[in-house]
Amino acid sequence: MGHLRTCPSGFSLLLQDMEGQELPYVLIDRIGGKHGVYEDHVEFLEKHFRLVTMKEYLENKTFLSKKITAIYMWYYKPVINEELLQSLPNLKILASSGVGIDHLDLNLLSSYSVKVSNTPFAVSTDTADMGMALMLASSRRLVEGYQLAVSPDTEYFPADWLGAEVSGASLGIVGMGTIGYKVAERAKAFEMKILYHNRNQRKKEEESAVGAIYCKKIDDLLQQSDFVLLSVNLTPQTRKLIGKRELELMKPTATLINISRGLVVDQDALVEALQNRVIKAAALDVTYPEPLPRDHPLLKLKNVIITPHIGSATKKTRRRMMENMTESIEASLAGLPVPNEVLQ
Amino acid sequence: MLRSKAFSLLKPIPLMSGQSNLAYKLTHPAIASHGLHCHGRIANYRQRCKTCPCNAGRRTISAAQAKVMAETELPGILILDIGGTHGVLENLAALLKKHFHLITMKEFLEHKKEMSKKIQSVFVFEGRPTIDRELLESLPNLKVIGNSGVGVDHLDVKMISEFGVKVTNTPHAVADSTADIGMALMLASARRLVEGCQVAVSPDTKCFAVDWLGVEVTRATLGIIGMGSIGYKVAQRARAFDMRILYHNRHQRSQEEEEAVGAHYCEKMEDLLQQADFVMLIVNLTPETHKLIGKKELGLMKPTATLINISRGAVIDQDALVEALSNKVIRAAALDVTYPEPLPRDHPLLKLNNIIITPHIGTATVQAIRMMAEEAIANMLAVLNGQPIPSEVCPK
């Protein structure tokens, strides 16, 4: 535990670790509230860092700008721009929460020699769980069912109210990275037939372990799947990966599940496809933007369920993310290999 | 929906022309792999019918005559209705018509004298029609009540057997879809899926809060109370989520079965309740399991735990559950079943925000509903043909 000392000017606290070394200054957006670093993470963080909020930084730029060596970006904040990078001459690393880095200008950061880290492993199981949750909820009409069960107008449960089976159905995973593979592991236990499309084919042992069949052409996957699950990262290549053409290749009885990024799907094409029953339904943890404007057609469709980007939203996972980010920052500042470094 | 492994529970084995009761072989991967149901044997009709008495009076007839004969000789089956709010679904009625002469309750009541002797079986769909003493007394040739679904708590099996009538259920057809609903409820509750949907679409939502959190399913501890066919399938699924699986059952499963899913037996239910993050009820409703989970059991559960019920509403003391949820004795509940169904609209369970309720949809899939009818048909035909019955429910 560091001990506090007021420096002669009485202006700022000099926090030191057990060896009397000054703790590194790390910029964060804010603590608490809807968007800030979690209050119950602060104790841990303060053992490792001298946290500097944006407010504090702006009030004392002259002193703090040279001290800050790392940015702890918690859910896309603080926002990074050229101006900020120019004013932080000693910035070494930006640790970003979550696995997605589509919100970062990697070229810009590398031009300032700032390393970037993310948290791909911490989020993987929760996000895979969310994919399964959405698939099951959509297929079994869980949200509609709940509404029926609690509605003041419900007098009886109709006998012809049916959903569709997940067990034994075919699942097409687009993007078989860490998260996609974990989805496959889970789906296998439901005796699902698993197809996948990926930039590269996985090893034979990895494929056999989950019974996954590679589809070099995404079209083959789309035509055969009862459920299409998107677990790619967002890059220029995957932007609008699923558009009108892809939706039309899907079965009219198929469901689209998106746990990657909203922009991977052409949202206007999706609205049309859902309205015209080109596909049966969609279940989205991500949209573009988030949240959607309140008059967006996706919010009105009966055959969509949308969740508020909660793929990694559990207490344990968020804590692990925080610990991973701390590790990455410390390694970078110590000149050691950075765990979870995002390489260009 | 097309399934990659499409199968029908009934594989027809037409024996000879003029045969009015087409013999059917009940096939299901579950039966093949898990062995035999405790009360029956897989019917092997091809073998049996060689010695079946109906082969004795074989004669040559034309195809048209055979068709007429077939229709008039089909055994009568009583159902509540076709279609409507509680009737048998149209496509299931079509399946039944292949093997039975369908008689609706309305027809029966209007032509009792004529119909009562014709009825050899009753197809009970979603708990209807109600089987009471009066009905049994008016059906002198009734041989079997084929229930769609595995739960028979709505049937007085003892009383029915006193009339020499057998009761059959459909344990194989329900297993996958019910296990899936158990997993769906556990995931939806843990990750606050229903609430999340409400936030995502609410007109008041301006931004998504980053401190909006649920609880993990992966690596959590699942306690299964009732490790029958459905419970075992839940364990198979939960294992893929790296869950630690505890189970409580009347009897311990074999070591191989336990190891296959990584399940640990808790002889005392209390041990399971104290350790589980998720408690899932998958027992059948009997006098022994009535109010199995009450105030004491809820008090033993972790305050962070979730209770999931996919068995029957009466397995839980509902008043005790309301209290436990209101006072955060447990974190949340997810119920596919309640008592009654639906709950009265002013019931306290409907007002709590740490509960999700679904309208008993454990087998509400296109595939399961069809498979249940097929399994029921196979069972009823077995009884009528004097064959071994795959899923007979015997009175205790």
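Looking across the range B:203-222, the residues that are in contact with an Asp or Glu (Cβ under 8 Å, 6 or more places away or on another chain) and either more than 7 Å from every other protein chain (Cβ to nearest Cβ) or buried (at least 24 other Cβ atoms within 10 Å of the Cβ) (or both) come down to B:Val217, B:Arg219, B:Ala220, B:Thr221, B:Leu222.
Only one of the numbered conditions (1) among the hydrophobic types (A, V, I, L, M, F, W, C); (2) touching a Lys or Arg at 6+ places or on another chain (Cβ under 7 Å); (3) more than 7 Å from every other protein chain (Cβ to nearest Cβ) is not met by A:Met130, and that is (3).
Of the residues examined, B:Cys207 is one that is part of a loop (DSSP other than H, G, I, E, B) and of a type outside the set (Asp, Glu). Listed here are the helices (runs of 4 or more DSSP H) enclosed by the range B:229-286 that have at least 3 residues being in contact (Cβ under 8 Å) with a residue 12 or more places away in the chain and within 30 Å of A:Ile179 (Cβ to Cβ): B:229-239.
If I filter the range A:113-140 down to residues being hydroxyl-bearing (Ser, Thr, Tyr) and either modelled with pLDDT under 95 or outside any helix (DSSP H, G or I) (or both), which single residue comes out as nearest to B:Thr365 (Cα to Cα)?
Ranking the candidates gives A:Thr119 first.
Among the residues of the range A:176-234, those that are within 14 Å of chain B (Cβ to nearest Cβ), in contact with a strand residue (DSSP E or B) (Cβ under 7 Å, 6 or more places away or on another chain), among the β-branched types (Val, Ile, Thr) and assigned to a helix (DSSP H, G or I) comprise A:Val183, A:Val210.
A:Ala209 - would you say it is of a type in the set (A, V, I, L, M, F, W, C) and surrounded by fewer than 17 Cβ atoms within 10 Å (Cβ to Cβ)? Criteria met by A:Ala209.
Exactly one condition in (1) within 7 Å of chain A (Cβ to nearest Cβ); (2) in contact with a Lys or Arg (Cβ under 9 Å, 6 or more places away or on another chain); (3) within 24 Å of A:His35 (Cα to Cα) is false for B:Ala200; which is it? Among (1) within 7 Å of chain A (Cβ to nearest Cβ); (2) in contact with a Lys or Arg (Cβ under 9 Å, 6 or more places away or on another chain); (3) within 24 Å of A:His35 (Cα to Cα), B:Ala200 violates only (2). Evaluated against (1) more than 10 Å from every other protein chain (Cβ to nearest Cβ); (2) under 30 Å from A:Leu142 (Cβ atoms); (3) of a type in the set (S, T, N, Q), A:Ser328 falls short on exactly one condition, (2). Surrounded by 17 or more Cβ atoms within 10 Å (Cβ to Cβ) and in contact with a helix residue (DSSP H, G or I) (Cβ under 6 Å, 6 or more places away or on another chain): does that describe A:Leu263? Taking the combined requirement at face value, the residue does not satisfy it.
For the range A:133-175, residues that are closer than 23 Å to B:Cys197 by Cα and at the interface with another protein chain (Cβ under 7 Å from one of its Cβ atoms) total 20. Condition test on A:Gly36, is it of a type in the set (Gly, Ala, Ser), under 18 Å from A:Thr326 (Cβ atoms) and within 21 Å of the chain's Cα centre (by Cα)? It is true that A:Gly36 is of a type in the set (Gly, Ala, Ser), under 18 Å from A:Thr326 (Cβ atoms) and within 21 Å of the chain's Cα centre (by Cα). Taking the criterion of being among the charged types (D, E, K, R) and within 18 Å of B:Ala376 (Cα to Cα), would at least one residue in the range B:179-188 satisfy it? No - not one qualifying residue is present in the range B:179-188. Has the range B:184-202 got at least one residue that is surrounded by fewer than 21 Cβ atoms within 10 Å (Cβ to Cβ) and assigned to a strand (DSSP E or B)? No, there is no match, as no residue in the range B:184-202 is surrounded by fewer than 21 Cβ atoms within 10 Å (Cβ to Cβ) and assigned to a strand (DSSP E or B).
Hey, among A:Val278, A:Val271, A:Val265, which residue is more than 14 Å from chain B (Cβ to nearest Cβ), of a type in the set (Val, Ile, Thr) and touching an Asp or Glu at 6+ places or on another chain (Cβ under 8 Å)? The match here is A:Val278.
Just one of the numbered conditions (1) in a loop (DSSP other than H, G, I, E, B); (2) more than 14 Å from every other protein chain (Cβ to nearest Cβ); (3) touching a residue at least 40 places away in the same chain (Cβ under 8 Å) is not true of A:Gly98: (2).
The values are calculated or read from the model by the stated rules, or taken from the named source; none is laboratory data. If you're wondering where the values come from, they're calculated on a predicted model, not measured in any experiment. With ideal geometry, Cβ positions are generated from the backbone for all residues, glycine too; neighbour counts draw on all protein chains shown.
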